[in-house]
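Okay, so here's the structure we're looking at.
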Amino acid sequence: MRGIYAPFPASLGTIQRGFLTYPPEVARIYLSQKEDVARITGGVSLNHSPTSWLTQRLNVGIDEVNEASAATVPFKTGFAAQFFSPAAAQGSRGIGRRDITQTTVDYSATANKNLTSKIGTKSSVGLQFYRKFQKFQTLTGTSFPAPGVSTISSTATRTATETFVENKTFGVYFQEQLSFNDRFYLTGAIRADDNSAFGAEFNLVTYPKVSAAWVVSEEPFWPRGLATTFRLRGAYGTSGQQPDQFAALRSFQAVPGPGGTPAVRPQFLGNPSLGPEKGTEIELGFEAGLFQDKLGIDFTYFDKRTKDAILAKSVAPSTGFGLGVQFVNIGEVKNKGWELQLNTTPVSSRNLKVDLTFSVSHTDNKIVSMGGVGNITGVGINQEQREGFPVAAFYWKHVVSAELNAAGQVVNIMCDRGVNGAPGGETVPCAQAASIYTGQPLPKYEGAFNTTIQVGSRLTLSGIADFKTGGRNFSADIAIQCQILRTCEANVDPASDLLGAADMLVNNFGIFSTPEARFLKIRQISASYRLPERWAGLIGGSGAFLTVAARNVATFTNFKLGIDPEIGNVYGAQHNQEAFQAVPMPFQLHTTLRVTF
Amino acid sequence: MKPTTSHPEPATENRTIRSKETPFMAIFRHLGMPIGRTRRHLALVGAVLLSATACEETFDDIIAVDPQDRVSEAALFDDPAQAALLVSSVQGSFECALGTYALSTGLLVNEVNSLGATQMFSLDSHQPDKAGGFSGQYAVTDCGSNGSVGVYIPMSTARWFADKVVTALQGWTDAQVTNRTQLIATASAYSGYAHLLLGEGFCSMALDGGPELTPAQVFALAEGKFTQAITAATTAGGATGTDIATMSRVGRARARLNQGRNAEALADAQLVPASGYVKNATRGTGSVLRENQLYVNVNRTGAATIAPGYQDVRFNGKLDPRVSVNNLGASTGGFIRFTQNKYTSETSSIIIASSIEAQLIIAEIQGGQTAVDIINVLHTANGLDPFSSSDPTEIRNQVIEERRRQFFLDGHRVFDKIRFNIPLDPAAGAPYRWGGVHGSARCLPLPDIERNNSDNT
C-alpha cells in the first residue's frame, strides 16, 4: 500500500497545521452544494392491423431531464477567512442547468405469412428518427459584499455561459425472417443511417446483417436426458458508431473580444471526410437447459472488427487548432471475447426457493492497424494509440532495479528496454529505455452475481454484487500527493518502496500513480415482505409489500488510496480527473411500502 | 430533395420493381413455393425502402443541425464582411495569449512563485516538461481558464490566426473590405508580436507544422511581419495607422535587437516618440479569456506570489514604485504571500509596446551618457534618485536593472535573462520550496504535442 505519509513540511507549526491550504474544519464550511433532477418521460404507441397478416406500429417517445445544481462558497469571516485571499474570502456562487431532451420516432410494418405448413415468413420495414438535444447554462458570481448574502445578483462579478449539443439520426431498415418448422430461423436485414455528425463529404451508411438460430432440442434426433432444451445461434452483421456531434466541422468559438465586442477564436480543426466507424461482428452461441432446466447456460463468443475506427488525434498546435483534437477514421480495431451466464435453482420447495445467477464476460481489444498513421499520443495521461496494443493503453518506462546511496537518494535506476513496445527487453539505464505497454484502461473481466431467496409465500431476500478487473486507472490523487507535493511514504523514505520511488523519478506519472483497479461491490441487499392482505384492505388495497433495501453496501478493492475505484477516472472516458473532487456513491438505506389497488 | 424527375411516381417504381426478381423470390422459386402474394408484399416494402434510401437530400434535411454555439470557417473566411470581426478577434486572441505568457515566463524567471498551485511547479522550479501532463501545462493548455499556465497553444493559435486573417485580407479587395490596408497592418502587427514572443520564450519553435526553427529564425520572421505591418500602416495613414506603425517599430526594434542587429534596432527605436506612446493589451471582465491573469493568480486567487527578488526593490533606499508589492503574511503551505500593485484589477492592461521600451533599447545600444539620461528620465518619473556613472559596465548593468523593473510581469524578462546571460536564481540543484530541486531551464522546450503530431519536427 502506497499511502499518504507526511504532512506538508513548510506548514507544520503554522495555522495550516501541516495541511497544504487549510485544516479540515475550514474545509467543512468551504462549500455547500445542491442538486435537483426532474425527469419526464412520455410516449404514444399506435398499433394497426389492416389485414390478418400485416401489422404496423408507430412509437413516439420523449424523455426530458432537467438538472439544476447550485454551489455556494460563503463569505468567510473570522478564523476561516485567514486562509483565503481577501477576494477569495468574499465567496462565490454558481448555478448550472442542464436540459437533455431525447425524441424518438419509430415506425415499423411487419407482414407475417405461412408460405407452407412448415415455412413461415416475417417481413419488416421501418423508419427511425432519433434526436438528442442538450443545453447547458451556467451563471457564476464572485465576491459577496457581506456575510449571509448568497444570491448571484448580489455578487460583484458575474459571468454566464450557454452551449448546445444536438444530434440527429435518421434510418430505414428492411428485415426478412424465415422460419422452418418453428425450429430453424434465418434472418436477413439491411439498414441505412444518416447522422448529423457525419462530415459534409460523407453520406448514408448501410449496415447489412444475417443471423440464424436452430432449436436443436426440438429435432427428433435429439436425445432426451442431459439437456432438456438446446438452442444454437449465430449472427454476422455490421453496425456503426457515429462521430461526436460537430466533430467533422471546422469551427471557431464565439468569445468576448476587446472592449466587450464579439470575437471568435479557432476551436476545432474538423474533418469533412469523417464518417462512422463500421463494425463487422460474428457472434456464435448457445443456450441450454440442463437437468430439467434446473441449470441454465447461456454462452456467447463474439469477434468484432471495427474498420474506419474513430480515433481522436492530437493536432500540432502550430497549425492553429491546438485547442482540440481531430477525429479521424483510421485503422482497424478488434474486439473479441465471450460472455457466460449461469442460472440455477438449487433449492425449490414449497417453502424455500433459491435462484442464483452468475454472469462473467471477457473482452480483448487491440488496434490491428493504424492505417499508416504513427502512434497517437496525448490520448490521456501516458495513454497512446499504438498498433498491436489495446485502445488508449498505458505506456511508460518500466523500472526493474534501483539502489539507495549513502545519502538515501535513489540511484542506478535501471529499466526494461522493451521489445517492440512490449516488456521483456534487456535491462538498460532508463535513459536508453523506451516507454512500453503496461496495461489498458478498460477492464478485461467483469461480471455479476444475483441471488433471490423466496422464504415461504411472503418473504423475498435478494442480493446483487458485481466485479471488474484487469484495467488500470490513472489516479490524479496519487499523482498530486506523491509526485507533485511529494508527501507520500516513498518520497520521505524511498527504502520503503524503492521501485516506486525510482518510478516517480523516471516517469511523468508512471505505474506508481496508475495502479490496477480491481473491485467487487455489493450493490444491494434487500428484504421484501408481502403484508397480510387484510392490512391492505383497510385502505382499499388488494396487496401491500414492505421492502427494506441497503444499497452500496460494501466495496472490496485493491485501489485504496482513492475514495472509490469507480469514481473519477476508473474505466471512464476521462482518465485524469481528481477523484478527491468527486462524490462517492453513498451507503443508502431504503424503506418502501408499496400498496396495490 | 433531388429533382422530381429522378424520382418516379411510386406506382411507376412499384411496377419497375415487380418486373424484377428479388433474391428472396429466387429462393422461394427454387423451393417451389407459391409466391404470388409474397411477391407483391415484398415489392411493397422494397419500394418503401428504396424510396426512403434514394432521397439522400431528404435525409440531409431531416438531420440538419444548427451549430448554434460555434461558427463555421466558411461563415468567416468566405465573407469579406467579417474582416473587421476577424482582426478584432486576432487582437483578442493575442491579448489572451500574452496574459498567460507573462504569467508563465514570470514563473520561469522567478518574477512570481507558485503558492501551492501544482500546475505551476514545473515552471517555478525551472523544469518545464515538454511531454505535457501536470508538469507540462505550458505545452498543452489554453489561456481560457483561471490558473492556466498555457503558453504554446494560445500563442501558436494567436500566431496562426493572425497569419490566416492577413492572407484572407490580402485575397479580398478594397471594394469588399473597408479599411482593408489598415486591417492588414493591425493583423500583421499582432502576428509579429506572436512570432516575437514565441522566439523569446521557447528554445526552438515550429510554425504551421513545419520544421523546427531556432529563435533567431523566428525573430527574422517576426521582423518580416513587423515590416509588413509598418508598410501597410503607413499606407493606411490616420491615427490608427500611426498607432500600428509605432507599435510595429517597437516590435521590430526588439526583434532586431534580439538578432544582434543593433544599428537597425536603434533606427527603429529612434522613430518612436521619446515619450507618451503606449500600446496596451486590453483586459476586461466577463470571461477568463479577457481577465488579467497576473492580477487573477497573484492577487485574487493567491495561486502565485511575488518572488523574493521582487519583494523589496529599492534604489538608494527608496522603494521603486514600478515593483510595488504588498506583504499579506503567511498563506498556503505556510509561505509568506506577496501581491503586486502593477495590475490592480482583472481589467488592468498589459503593455505590449511603449516609448519607454524604445528608449531603453536606445540606452542599451548607445550606452554612455545617453543611457544615463534615459535612466534618469525614468527615475524622475518614479520619484527615484538620479543615477550617475561613466563606467560602461555599470551603465549597462543599470540598463538591465531598469528593464527588470520597468518590464516587471509583462513578459520581457525571459529573453533578457538569456540575452544578458543572467544567472538562474535559485541556481540549478538548489532545493525547491515544494519539494525536489530546481532545474536549469531558461527557455521553454518545443512541446512533444508539436513533435508527435507533425511530420517535420
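The values are calculated or read from the model by the stated rules, or taken from the named source; none is laboratory data. Everything quoted here is computed from the prediction, not taken from an experiment. Cβ coordinates were reconstructed from backbone atoms using ideal geometry, including for glycine residues, and neighbour counts include every protein chain displayed. Please note that ligands, DNA and RNA were not included when accessible areas were found on the heavy atoms of the full protein model with its side chains. Shrake-Rupley method; radii C 1.70, N 1.55, O 1.52, S 1.80 Å.
Cross-linked pairs A:34/A:135; A:168/A:304; A:76/A:521; B:342/B:417; B:130/B:279: Cα-Cα separations exceed 28 Å for A:76/A:521; B:130/B:279. An ellipsoid equivalent to segment B:190-272, defined through the eigenvalues of its Cα gyration tensor, has semi-axes of 23, 15, 8 Å when rounded to whole angstrom and sorted largest first.
Can you tell me what percent of all Cα-Cα pairs in segment A:126-285 are more than 19 Å apart? Summing the P(r) of segment A:126-285 above 19 Å gives 73 percent of all pairs.
Each residue of segment A:435-446 was assigned a 3J(HN,Hα) from its phi angle through the Karplus expression (A = 6.51, B = -1.76, C = 1.60, θ = phi - 60°), giving 6, 10, 4, 10, x, 10, x, 8, x, 7, 10, 8 Hz with x at Gly and Pro.
Taking chymotrypsin sites (Phe, Trp or Tyr not before Pro) across segment A:183-275, the ones in a DSSP loop with at most 10 further Cβ atoms lying within 10 angstrom of their Cβ are A:221. Expressed as a fraction of 2.2 N^0.38 Å, the C-alpha radius of gyration for segment A:421-559 is 1.75. Shape index of segment A:2-80: Rg/Rh, with Rg the Cα radius of gyration and Rh the Kirkwood radius from the inverse mean 1/r over Cα pairs, equals 1.52. Annotation: amide H-H contacts under 5 Å for residue A:389 (H modelled 1.01 Å from N, sequence separation of 5 or more, or interchain): A:367. Averaged over the residues of B:115-125, the number of partner chain Cβ atoms lying within 10 Å of the residue Cβ comes to 2.
Ratio of Rg to Rh for segment B:319-375: 1.17 [Cα atoms; Kirkwood radius as inverse mean 1/r over pairs]. Rounded to the nearest 20 debye, the dipole magnitude of segment A:470-562 is 640 debye, with +1 charges on Lys and Arg beta carbons, -1 on Asp and Glu beta carbons, and the Cα centre as origin. Shielding value for B:149-162 is 4, the average number of Cβ atoms from other chains within 10 Å of each residue's Cβ. Taking every C-alpha pair closer than 8 Å and separated by at least 6 residues, the mean separation divided by the residue count of segment A:332-394 gives a relative contact order of 30 percent.
Given a 1.4 angstrom probe, I'd like the percentage of the accessible area of segment A:32-115 that is carbon and sulfur, rounded to a whole number.
Ligands and nucleic acids excluded, carbon and sulfur reach 53 percent.
In chain A, the C-alpha radius of gyration followed by the widest Cα-Cα span (Dmax) gives 29.6, 92 angstrom.
From largest to smallest, what semi-axes in whole angstrom does segment B:102-247 give when each is the square root of 5 times an eigenvalue of its alpha carbon gyration tensor?
Its equivalent ellipsoid spans semi-axes of 33, 15, 14 Å.
Computed on segment B:300-457, with alpha-carbon pairs under 8 angstrom and 6+ residues apart, the relative contact order is 14 percent.
The C-alpha atoms of segment A:201-260 occupy a region whose extents along the principal axes are 85, 25, 9 Å, arranged from largest to smallest. When restricted to Cα atoms, segment A:49-128 yields an Rg and a Dmax of 29.9, 89 Å, respectively. If you split all Cα-Cα distances of segment A:227-266 into 10 Å bins from zero, what percentages do you get per bin, shortest first? Calculated P(r), rounded to whole percents: 18, 21, 17, 13, 11, 9, 8, 3. Taken over segment B:246-299, the alpha-carbon convex hull comes to 121 cubic angstrom per residue. Cross-link check: pairs A:132/A:468; A:209/A:294; A:307/A:366; A:209/A:444 evaluated at a Cα-Cα cut-off of 22 Å; pairs beyond the cut-off: A:132/A:468; A:209/A:294; A:209/A:444.
For residue A:545 and residue A:301, the FRET efficiency from 1/(1 + (r/R0)^6), where r spans their Cβ atoms and R0 equals 35 Å, is about 0.30. Total buried accessible area between A and B, probe 1.4 Å, nearest 100: 6900 Å². With contributions of -39500 (n - 2.57) from each DSSP H run of at least four residues, the per-residue ellipticity at 222 nm computed over the protein assembly as shown stands at -7500 deg cm²/dmol.
Taking all pairs of different Cα atoms in segment B:259-364, averaging 1/r and flipping that mean, what Kirkwood radius in angstroms comes out? Roughly 16.1 Å, rounded to one decimal. For segment B:320-457, the equivalent ellipsoid built from the Cα gyration tensor has semi-axes of 31, 23, 17 Å, listed from largest to smallest. Computed across segment A:1-158, the Kirkwood radius stands at 21.5 Å (inverse of mean 1/r, all Cα pairs).
Residue by residue, segment B:289-300 carries 3J(HN,Hα) couplings of 4, 9, 7, 6, 6, 5, 5, 4, 7, 8, 9, 8 Hz when phi is fed to the Karplus relation 6.51 cos²θ - 1.76 cosθ + 1.60 (θ = phi - 60°); x denotes Gly or Pro.
Which whole number of Å³ per residue matches the convex hull of the alpha-carbon atoms in chain B?
With only Cα atoms used, chain B gives 210 Å³ per residue.
At a 10 angstrom cut-off on C-beta neighbours, averaged per residue, how do the peptides A:289-297, A:534-542 rank from highest to lowest?
A:289-297, A:534-542
Distance from the alpha carbon centroid of segment A:141-183 to that of segment A:11-34 works out to 34 angstrom. Each Lys or Arg adds one and each Asp or Glu subtracts one; over the other residues with Cβ under 14 Å from the Cβ of residue B:289, this totals -1. Per residue of peptide B:70-79, the mean number of Cβ atoms on other chains within 10 Å of the residue Cβ is 5. The coefficient of translational diffusion for segment B:416-457, derived via Stokes-Einstein from the alpha carbon Kirkwood radius under 10 °C and 1.306 mPa s, stands at 126 µm²/s.
Restricted to Cα atoms, segment A:297-366 shows a radius of gyration and a Dmax of 22.7, 75 angstrom.
Working from Cα pairs under 8 Å separated by at least six residues, relative contact order for chain B is 18 percent.
Residues whose amide H comes within less than 5 Å of that of residue A:543, counting only those at least five positions distant or on another chain, are A:596 (H built at 1.01 Å from N in the peptide plane). Relative to the compact-globule estimate of 2.2 N^0.38 Å, the Cα radius of gyration of the protein assembly as shown comes out at 1.12.
Think of a 1.4 Å ball rolled over the protein heavy atoms: segment A:67-199 then has 43 Å² of accessible area per residue.
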